[in-house]
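The values are calculated or read from the model by the stated rules, or taken from the named source; none is laboratory data. Not measured: the values here are computed from a predicted model. All Cβ positions, glycine included, derive from the backbone under ideal geometry; neighbour counts span all protein chains shown. Note: areas computed on protein heavy atoms with side chains; ligands, DNA, RNA excluded. Shrake-Rupley method; radii C 1.70, N 1.55, O 1.52, S 1.80 Å.
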Amino acid sequence: MSNRLTEELSPYTGIVGGEQLLDDIVTIIRSHLVLPDGVAEAIALWLMSTYSIDCFRIYPKLFVFSPIMRCGKTTLLEVLSGFAQRSLPVSGITPAVVYRTIENEQPTLIIDEADQHLKNASGDMAAILNSSHNQSTARIMRSKPKTLEPEYFSTWAPMVIAAIGVLNATIMDRSIIISLKRITGQQKKNLSKIPIDFTKQTLPMRQKLLKWAIDNELDILNNNIEPPDIGNHRAQDNWSPLFTIAALISPAWENKCDTAYRLLEASKSNNDPRSMLLKDIDAIFQTYSGKNIKSEDLINALTAKSDSIWTEYNSGRSITPRGLAALLKDFGIKPKTIRQGSNASNRGYEVTDFNDALKRYI
């Protein structure tokens, strides 16, 4: 009896046309989800690249997030599970399980509910997730329990991380970011539900993806593409696998990849929690006349809208004064004791303390 956690896939036996395969994946994605322009194409290329991860120096995570619940995150993860190589969906995982599973099977880890257990990822988990970005350093060392002899574990594997709200900035920086929004009732009418046997239905396509990867392994290894410079070297590294795959598929897919690259990276800064916070605070200050503001009042203003990410930023609850201070600290903005009327013991912020950060980053 096999103890494997993931499938042992046999390649398709015929000739595989990569362009048609990608087109079919995009069609299926769009039949179940409404996504921003360029996202379906980026997802299809990333899925194809999971079968060739060992051909790349840098490999990006796919980070999927939504500001609130019921935005299609679960549906997207089901679609990803149907196409990724050796997909392993989980809703909770420990550091030891991550590196031991990767060492044994190199699955595509699909981690849901990350806002519950990775919101402030630190220590082992952050090190493991971050190390998986670069093949040459995608390993960690641990001691054997009985002998204490050192042993290496690989952390080199494709990863999907899904959350409500944003996560650790270092994780997001190593990711291609997919931002989901709640769809309208009319949009929902045009979508079909994921069938219960979806992974069985998509088995032939996974076999074709594996066959295409095997047939093109040497071309991928010898023709890694550097994406256009858009002023972000990390983005170039992250997108290199997708550009490499697209260049081997067809000129049409090269153009689709380039379009997706520019669209998704243009919006990426909008998904950084610190940048998002500054923008929201700037909007609040446009109509605020006071010289200082209590932390409590600033949080109330940030969470005034029901769809604000700050209403569920703290593991499903409102952002706290401590969380607010942690995000603002990187800009040199710190809470202090402020006076409002006769009360001189409030904790909050001087409005002028934000001037430099708003000028530089907004």
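Just one of the numbered conditions (1) modelled with pLDDT under 95; (2) within 24 Å of GLU105 (Cα to Cα) is not true of THR147: (2). With respect to SER52, is the statement that it is at pLDDT 90 or above and closer than 16 Å to PHE198 by Cβ true? No.
Every residue in the range 280-297 that is under 12 Å from ARG347 (Cα atoms), surrounded by 14 or more Cβ atoms within 10 Å (Cβ to Cβ) and out of contact with any strand residue (DSSP E or B) (no Cβ under 7 Å at 6 or more places or on another chain), please. Answer for the range 280-297, where residues must be under 12 Å from ARG347 (Cα atoms), surrounded by 14 or more Cβ atoms within 10 Å (Cβ to Cβ) and out of contact with any strand residue (DSSP E or B) (no Cβ under 7 Å at 6 or more places or on another chain): just ASP297. Residues in the range 157-175 that are of a type outside the set (Val, Ile, Thr) and touching an Asp or Glu at 6+ places or on another chain (Cβ under 8 Å): ALA162, ALA163, GLY165, LEU167, ALA169, MET172.
For the range 3-21, the set of residues classified as touching a Ser or Thr at 6+ places or on another chain (Cβ under 9 Å) and open to solvent by less than 20 Å² (accessible area, probe 1.4 Å) consists of THR6, GLY18, listed by residue number. Meeting the requirement of 2 or more residues that are more than 23 Å from the chain's Cα centre (by Cα), the helices (runs of 4 or more DSSP H) wholly within the range 100-197 are 185-189.
For every residue, the table says whether it meets (1) surrounded by 23 or more Cβ atoms within 10 Å (Cβ to Cβ); (2) touching a Gly at 6+ places or on another chain (Cβ under 6 Å); (3) under 26 Å from LEU218 (Cα atoms).
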site	(1), (2), (3)
ALA44	yes, no, yes
ARG57	no, no, yes
PRO60	yes, no, yes
THR75	no, no, no
SER81	no, no, no
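Within the range 346-362, residues that are β-branched (Val, Ile, Thr) sit with their Cβ atoms under 6 Å from residues that are surrounded by 18 or more Cβ atoms within 10 Å (Cβ to Cβ), at 6+ positions apart or across chains, in these pairs: ILE362/LEU278.
Suppose the filter is under 15 Å from THR50 (Cα atoms), surrounded by 11 or more Cβ atoms within 10 Å (Cβ to Cβ) and at pLDDT 85 or above; does ILE214 pass it?
So ILE214 passes the test.
One residue is enough: does the range 90-102 have a residue meeting the conditions in contact (Cβ under 8 Å) with a residue 60 or more places away in the chain, surrounded by fewer than 23 Cβ atoms within 10 Å (Cβ to Cβ) and closer than 27 Å to VAL34 by Cα? Looking for residues that are in contact (Cβ under 8 Å) with a residue 60 or more places away in the chain, surrounded by fewer than 23 Cβ atoms within 10 Å (Cβ to Cβ) and closer than 27 Å to VAL34 by Cα, one finds none in the range 90-102, hence no. Restricted to the range 205-271, the set of helices (runs of 4 or more DSSP H) holding at least 3 residues that are over 22 Å from the mean Cα position of the chain (by Cα) and not hydrophobic (A, V, I, L, M, F, W, C) comprises 217-222, 251-268.
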